[in-house]
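Throughout, read-outs are computed from the coordinates displayed, never taken from laboratory work. Since we're looking at a predicted model, the values are computed, not measured. All Cβ positions, glycine included, derive from the backbone under ideal geometry; neighbour counts span all protein chains shown.
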Amino acid sequence: MYIIVVGAGKVGWNLARELLDKKHEVTVIENNRRRYLTVEQELEHNVSYGDASELWVLERAGIQRADMVIAVTGDDEDNMLICQVAREKYEVERIIARVNNPRNKPHFDLLGIKPSVSATDLILRLLEHEVPDYGLVHLLDLQEEQLEIIEMLLGKDCAVTGRRVGDLKMPEGSLLISILRNGKGFVPGPDTVLEVGDEVLAVLDPGHEEQLKVLFGPGDGSNGNRSDDGG
Amino acid sequence: MFILIVGCGRVGSSVARAMLSEGHEVSCLDEDPESHARLEVGLDKGWEDLGGQFTVGAGLETDALLAAGIENADAFIASTDGDNTNIVIAQIAQRRYEVPTVIARILDPLRAEWYERQGMHTICPTRVAIDMLESAVREGAPRSAGSPDGNGAAEAA
């Protein structure tokens, strides 16, 4: 894939490194001369100097043939504009925008700039993850595809620990895709027995969080209180 | 008409004064509290005494836009010093608040041209300057009517 990354800050630089490692073709556009010179020492011809909200700078970087544009500057207006122009003028199929101020998120949505990613939101979600009685963390919303991926930490009072995955009554439109146990991730099979401390990733249709929360939440009468009867 | 002007620089403040003197209701929004002083240049009374409104805040902040009265605005002018800010807030005014007349000042001719084609009412001062300069140069008479090449300038007349 040919990917244009706008902004060579910490996010953009590291992103470019990862993408280059994965053998993608990458151009990073940076408009601060000093930053450009620093990054250029490592990324060489993969970084280009200029203001990416100027259309000719985007064209010079080859936006007409780009498969993806990722705007991660520190300025929300710039990220919005660059993504809007990329998609609507140059018909780039995939765009990703960084939201610096979470209060600007509705503006990204209004202009149809999706997906947009806010570091503050991600950190907030991690914080929520640390709060014991909040059992469910949104990892990803794929709004257009109508899918979400969420993570749940199975606590001591979780109703489903000790039970086989095959015996769980998962809500329709949801699927367990991965279990993280002792720092290692694996794909669960029907015979996998859930343990306390497991971090479970599930993919689901939006709107099914509550059902999953009940299923994986603290045990009550209906689910059997910390029952060891499963499996 | 109730006119909301975001960005109270030389352009915004001048338009604001002109509109107020024509009897319109005018509200200005700017991040910089000091820009209020620019509104009062050449006035013998204070901006508020003359019926003007001034709000401190950024054009992207919903609270600031609401405080400045965007929901009642008949016209919206985006004249901050940032092209991208103007482009974004003009679309917010148009789509979210359905302001009937929305005008964005965009300095970059390429961006102005494209957004104009997308249906945004844009004013591009740079384009105006380019056109004026070009026609001023064309209208200018050569130094000497008799020198066909440009090199004859020194020995002309």
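Data for the structure
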item	result
Sequence-distant lysines (8 or more away, or on other chains) whose Cα lies within less than 26 Å of residue A:213	A:156, A:169, A:184
Percent RCO, i.e. relative contact order, over chain A, from Cα pairs under 8 Å lying at least 6 residues apart	14 percent
Rounded if a/c under 1.5, otherwise prolate or oblate - the stretch A:2-121, Cα gyration tensor axes	prolate
Range of Cα positions in chain B per principal axis (Å), largest first	66, 41, 25
Residue-by-residue Karplus 3J(HN,Hα) for the stretch A:203-208, coefficients 6.51, -1.76, 1.60, Hz, glycine and proline x	9, 7, 6, x, x, 9
Square roots of 5 times each gyration tensor eigenvalue, C-alpha, chain A, largest first, Å	42, 18, 15
Tail fraction, Cα-Cα pairs, the protein assembly as shown, threshold 35 Å, whole percent	49 percent
Amide H contacts under 5 Å for residue A:96, placed H, 5+ residues apart	A:69, A:70, A:71
Karplus-derived HN-Hα couplings along the stretch A:65-72 (A = 6.51, B = -1.76, C = 1.60, θ = phi - 60°), whole Hz, x at Gly and Pro	10, 6, 8, 8, 10, 10, 9, 10
Spatial extent of the stretch B:72-128: Rg and Dmax, with the Cα atoms as the point set, Å	10.4, 32
Environment charge at residue B:30 (Cβ cut-off 11 Å; Lys +1, Arg +1, Asp -1, Glu -1)	-3
Segments A:59-72, A:177-190, B:130-143 sorted - mean Cβ within 10 Å per residue, highest first	A:59-72, A:177-190, B:130-143
Residue A:10-residue A:195 pseudo-label distance in nm [points 7 Å out on the Cα-to-Cβ vector]	3.4 nm
Virtual paramagnetic centre 7 Å along Cα→Cβ of residue A:65, amide N under 17 Å, in the stretch A:14-47	A:24-28, A:45-47
Per-pair calculated FRET efficiency, R0 = 22 Å: residue B:74 and residue B:18 via Cβ, rounded to 0.05	0.85
Cβ-placed point charges (K, R +1; D, E -1), dipole of the protein assembly as shown about Cα centre in debye, nearest 20	720 debye
5 angstrom amide H check on residue B:55, placed H, neighbours 5+ away	B:28, B:29, B:30
Computed [θ] at 222 nm, deg cm²/dmol, chain B (DSSP H ≥ 4; -39,500 (n - 2.57); rounded to nearest 500)	-11000 deg cm²/dmol
Debye, to nearest 20: dipole size of chain B, +1 on Lys, Arg Cβ, -1 on Asp, Glu Cβ	400 debye
